[in-house]
Structures are given as C-alpha cells and as structure tokens.
Amino acid sequence: MINIFTWASILLIVLMLMLVYRIIVGPTVIDRIVAVNVIGTKSIVLIVLMGIIFDRLAMFVDIAIGYGLLNFIASLAAAKYFKKHHRIDSKNITATEHTAKGATNGH
Amino acid sequence: MLLGIETLLLILVLILAVVSLWIRDLMSSVVVFGAYSFLMCLIWTGMGAVDVAFTEAAVGAGVSTVFFVAVLFNTTRRIQFNPLDLSAKIFSAILCIGTGYLLMLGLSDLPSWGDPQALVNTNVSKYYIESAYKQTKVPNLVTAVLADYRAFDTMFETCVVFIAVLGIFMLLKKDGREPLKETSAKANDNLIIRVASRFMVPFIQLFGLYVVAHGHYSPGGGFQGGVILGASLILVAMAFNIEFVKQLLSIKRMLLLAVIGVIIFAGWGLVPVFLGQSFLDYSAWAALLPGTGEIMARSHSMLAVEIGVAITVMCGMYGIYMSLVSDGRFDKGL
Amino acid sequence: MAINVLAVILFAIISQTIHHPTVQLILNILIMASLGLGLFFFFATSVGVLRFPDFFTRLHAAGKGDTLSTILILLACSLFSLKSAKTLDQTTILAAIKILLIINFIFIGSPTATHALIEAGYNSEIDPWENNATRN
C-alpha cells in the first residue's frame, strides 16, 4: 500500500507541473499568486506523503505543521499589496504612468 | 521509485528558477520565488535533511516573501532596463558562464551522493555520530553540533542576524518630521482576515515555542522557532495595523530584546571562562546547576542558548519587517 | 478539534482491535476512497486553474478544490499511519493528531488567503469574464 502513496505523490508532482504553465503564462500577477498558493498547499501534502513513504512520519509532520500555519501569510501580504497599488497588470504600468506624467507636464 | 519523485521535483525547481529570472515584473518574480522555496524544502525533505527543510519552510513560507513584498510596497516593481547599455550584461554573462564551467569541471571530482567512504563522512562527522549522544544526551545530532560542538559559529550567526536588523533599522529610520506621502486608507477594515488571524496567532506562537523547546528531539531549534514567532508578529501587523502591534512590542523594546538574545548566548558561554574552562565549554555549568552532571549540563545549556537565538531572531524578523514595510517611519504598513 | 482527537482514537481502536477481514477491508476502502477523491479534486483544481477564462473563475477552482483535496489526502495519510502501525504507541497517535491539526489550520488559513486574493482582484482593475457568445 506504500506503493500507492508513492504513485499518489508522483501524480501530485505531475499536476503541480501543470500548474507551472499558469505561473509562466498567467496574464496577471494575481493569477500567478493563485497557482503558487495551490503549489504551497500541495507541498504540505507532499511532505506528509513523503513521511509515510520514508516511514518517518513523526519527524516530517512538524515541518508540515509549520507550513500549514504559515502558508497563508505570503498570500495575505501579496493581497494587501494591491490595496495601495491598484494596477494588477504590469504591462499597463508604463503606459499609464507615462500618460500621467505627460498630463502633469502639460499643466 | 524515489528517484522519480526527486527527478520530477528537480525539473520543477529548475523551471521555476529560470522563470523567476525571466519575468520582467518584480512582483511576479517574487511570487515565483516563493514557489521555488516550497519545492526546495520538498527536495531537502526527500534527502532527509529535516532541519534544513524546516528552516526553509519557516523562512520561505513565513517571512522571505513578505519581506520582498514589503520592499516592493514602498519602491517600484518595474525593472529599470536600458537596452543600449549591454556592456555590463555581456561582461557579467561571460563571468557567470566561465565560473559555471569551472564549477562543472570540479563536479566530477566530488564523491557520489551519500557515499560513506567520502572524506567528509570519515573524519569529523564520524566522531559526532559516535560520541554526540554519549557526551550530550541529545538525540537530534544537528542540534548538538550546532549548539554545542560548533557553538562558536552559531553565536556569530546570531550576531549576524542582530547586525542585519540593526543595519536595516538605521539605514531606513526617519526622524518623523517629514510629511507623509499620502494619507493612509483604512488598512484594517477586513473582518474575515482579523478573525482568522485572531484564531491562528496563538497556535503559531505555541508552535514556535514548541519548536524552540523541542529542538533536542525533533527538527527545529532556536532559529526556526524564532522565525515562526516573528512571523506571528508579522501576521498581527498585517491583519490589524502597525500601531496595534507596536503596543505589543515597541521598536525600542524590540532592539533591546535583540541585544538581550545575543547577551544570553555570549554570557552563557562566558561563564565557564570564570570557572576555569574554555569559552562555550558548557560542561563547567555542572558546578552551578544543582543536580546535573557534565552531560546533562551540556544538554540544558543548549536549551538556554537556543532561547537566546530565538529571542534575537524573533526580534530581528519583526524589526526588519517593520522597517521595510513602513519605510522607516513605523506608522503604517501593508 | 476535540472531535478530531476523538475520531482518531476511535479509528485507532477499531483498526487495531478488530481483526475481522471485513472490517479491515472497509477501513482500507475508506483510506483508498479518501486518497482517490483527494487526487481527483486536485486534478479538477489543476484543470480549472489552467482552463478557466479569467481570474475570478480560476480562483473559484483553486480556492474550493485545493482546500478540499488537501483535507481528503491528509485524512487518508492520518488514517493510514494509524492502521499500518504494528503497535499503537504514543508517537503514532501523536503524529495522527498532528496531521488532523494541519487539516484544521488549512481549513482556516486557505479560505482566508482566497478571500484576501478575491478582494485584491475585485478592488483592482480586473474585468470579470462575460460569455458574449450566448448574450448576442
């Protein structure tokens, strides 16, 4: 039955590879944050699965608790970042800032 | 079969490392770097280096991404890129490729992974493995090596953390007379985040204390526990506001505590000097701690030293976050 | 959390004391079903994050599927570690309870992160996707 857990963890990593597509392509930052958030949660699961595969669960579960407690802090910080900086898309930053500068110069 | 998991993880890590350099937007780069840190932790877990994995977990998930975001919060996320100025880029590319080539040449001389006959594994680590439990009664070898055999290293690492927070604090500190750039919006109007943080923070702090105190038996120790405790303070600062967290631990008290942590470590090592032993030789504490032999004195001294490390690291993480996020003004943040 | 601990102890007692093959088969099926459902939901999450057209729909897939699949796989791990232990000692039970604690923390933390991200997207200039094909 250990074998099944090994296959499960390999399947998890392959599905994480699929998510990397969204990290590379993801049109905006916040799409990337979503994909990274999912990868972070799944690495908790992978640590526990590895603990079962290596038969050292009592050792590895502490790391998983640390992740489980701290995982949402980074997402929270990234989300709070957008309260001040409302622009999500990086491609429009240069354009809008240039127009804003031009407007102030014109006045 | 195990090779399958690790090969897949290494492929993922390589892809993410390249992507985090390739993306022009700094915010995306930081986010991708967070995923990179998650997967590095998994690789170290797979190698069985539990303490390193724990450090990566605590630092990567708790503080490093938050620090980067806090820096970007007060600066810009655009990369200044001048397409005409390529000379520096070409020079550094040549330098990097040359160094990489030399390193690759040296790679063939390295012993294979986990080779018991390698030079590293036959000299000093053999001594630690054979005698650490007999001499200190600490089952976790990494803690014994870090806090006892190589306590000199660890003491100066603690000093490095202290110097880092002091440097960032002094570089960024404003005297408060400058006008604020813009009036602060209501930063803490989100009920859901506040309630969830109110639920999580006690558990995070309890777990941090557990990691500090249980480092003798399980992965963890002063550094990891300190980072987790610092991350709980950062969470409070994000979910409520900076004024609220300053009531809990003011900036002045933060610096004072960081000094106290270093003093605990160095002072605990200095006491044996007065008892006629060498610096950081904990076995001399057996004369002062009643009812302990030399072995248990070393074991207990490690706990005391870890507490010092934890206090410094906790205040260090808190101080770095507060300096970065408020641009040295300590009035408002994320 | 008290319910978690009670459930773990109950499962441990059942799996270690009753050696009837039918009971053991049921326990195995429970573990396998939990693991399989978790993997299925994570597959659905991945496909959703990849295929959905805009940020809000992607986060809908990621927020729900991710939390549920994590909970299910961790539950399978916890039950398996209890069932496969040869003797039921303190370490095994403590590890199983710790895994259930992780489930609790994820159950609080992950939806909070999702909520914060949704709010960040809603306050910024992301246009929600509209199905123009059916409207016209």
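No lab work stands behind these numbers, since they all come straight from the coordinates. Since the model is a prediction, treat every value here as computed from it, not as a measurement. Every residue, glycine among them, receives a Cβ derived from its backbone with ideal geometry; neighbour counts consider all protein chains shown.
So what's the gap between the Cα centers of the stretch B:64-113 and the stretch B:15-35, to the nearest angstrom? Value for the Cα centre distance between the two parts: 12 Å.
Label sites at B:LEU275 and C:VAL5, each approximated as a point 7 angstrom past Cα along Cα to Cβ, lie 3.9 nm apart. Averaging the sequence gap over all C-alpha pairs within less than 8 Å and six or more residues apart, then dividing by the number of residues, gives chain C a relative contact order of 29 percent. Return the single residue from B:ILE15, B:ILE168, B:ILE251 with maximal mean-square fluctuation; model: Gaussian network over chain B, springs between Cα atoms under 10 Å. Per the Cα network of chain B with a 10 Å cutoff, B:ILE15 tops the list. Membrane-span-like helices of chain B, defined as complete DSSP H segments with a Cα extent of 20 Å or more along the helix axis and a mean Kyte hydropathy of at least 0.5, are identified as B:2-22, B:26-47, B:87-107, B:151-172, B:191-213, B:222-239, B:251-274, B:294-325.
Using the Cα gyration tensor of the stretch B:223-309, with a ≥ b ≥ c the square roots of its eigenvalues, what is the shape: rounded (a/c below 1.5), prolate (a/b larger than b/c) or oblate (neither)? Cα axes put the stretch B:223-309 in the prolate bin.
Ranked by the mean number of other Cβ atoms within 10 Å of their residues, highest first, the peptides B:231-241, B:42-52 fall in the order B:231-241, B:42-52.
When the Gaussian network model of chain B links Cα atoms closer than 10 Å, the mean-square fluctuations of B:VAL211, B:VAL165, B:VAL271 top out at B:VAL271.
In this Cβ point-charge picture (+1 for Lys and Arg, -1 for Asp and Glu), chain C has a dipole of about 500 debye about its Cα centre. Rank B:LEU289, B:TYR217, A:PRO27 by how far each Cα sits towards the positive end of the charge dipole of the protein assembly as shown (+1 on Lys, Arg Cβ; -1 on Asp, Glu Cβ) and give me just the farthest. Towards the positive end, the residue furthest out is A:PRO27.
Ignoring aspartates and glutamates fewer than eight residues from C:LYS86 along the same chain, the ones with Cα atoms less than 16 angstrom from its Cα are A:ASP55. Could you tell me the distance between the Cα centroids of the stretch B:316-334 and the stretch B:138-154, to the nearest Å? Result: 33 Å between the Cα centres. Peptide B:34-43 is shielded by partner chain Cβ atoms: per residue, an average of 6 of them sit within 10 Å of its Cβ. Shape class of chain B from the Cα gyration tensor (axes a ≥ b ≥ c, square roots of the eigenvalues): oblate, since a/c reaches 1.5 or more and a/b does not exceed b/c.
Each of the trypsin sites (Lys or Arg not before Pro) that DSSP puts in a loop and that has at most 10 other Cβ atoms within 10 Å breaks chain B; the longest unbroken stretch is B:1-176. Apply the Kirkwood formula to the stretch B:125-173: the hydrodynamic radius equals the inverse of the mean of 1/r over all pairs of different alpha-carbon atoms; give it in Å with one decimal. Hydrodynamic radius (Kirkwood, Cα pairs) of the stretch B:125-173 is 12.5 Å.
With both labels modelled 7 Å from their Cα along Cα-to-Cβ, the C:PHE40 to B:LEU14 distance reads 3.6 nm. Per-residue mean of foreign Cβ neighbours for C:49-56 is 4 (Cβ atoms of other chains, 10 Å radius). The mean number of Cβ atoms from other chains found within 10 Å of a Cβ in peptide B:284-296 is 0, as a whole number. Here the relative contact order of chain B, from alpha carbon pairs under 8 Å that lie six or more residues apart, stands at 21 percent.
Dipole of the protein assembly as shown computed with +1 at Lys/Arg Cβ and -1 at Asp/Glu Cβ about the Cα centre; of C:GLY38, A:GLY68, C:THR114, farthest Cα towards the positive end is C:THR114. Kindly state, to the nearest 0.05, the FRET efficiency for B:ARG24 paired with B:TYR127, given R0 = 51 Å and r defined as their beta-carbon distance. E between B:ARG24 and B:TYR127, to the nearest 0.05, is 0.50. Here B:ILE260 and B:GLU294 are evaluated by their C-beta separation; at R0 = 41 Å the FRET efficiency comes out at 0.90. Computed about its Cα centre, the charge dipole of chain B is approximately 940 debye, with only Lys, Arg, Asp and Glu carrying charge at their Cβ. Using the Cβ-Cβ distance between C:LEU88 and B:LEU206 with R0 set to 22 Å, the FRET efficiency works out to roughly 0.25.
Model label sites at B:LEU191 and B:SER87, defined 7 Å from Cα along the beta-carbon direction, differ in position by 6.3 nm.
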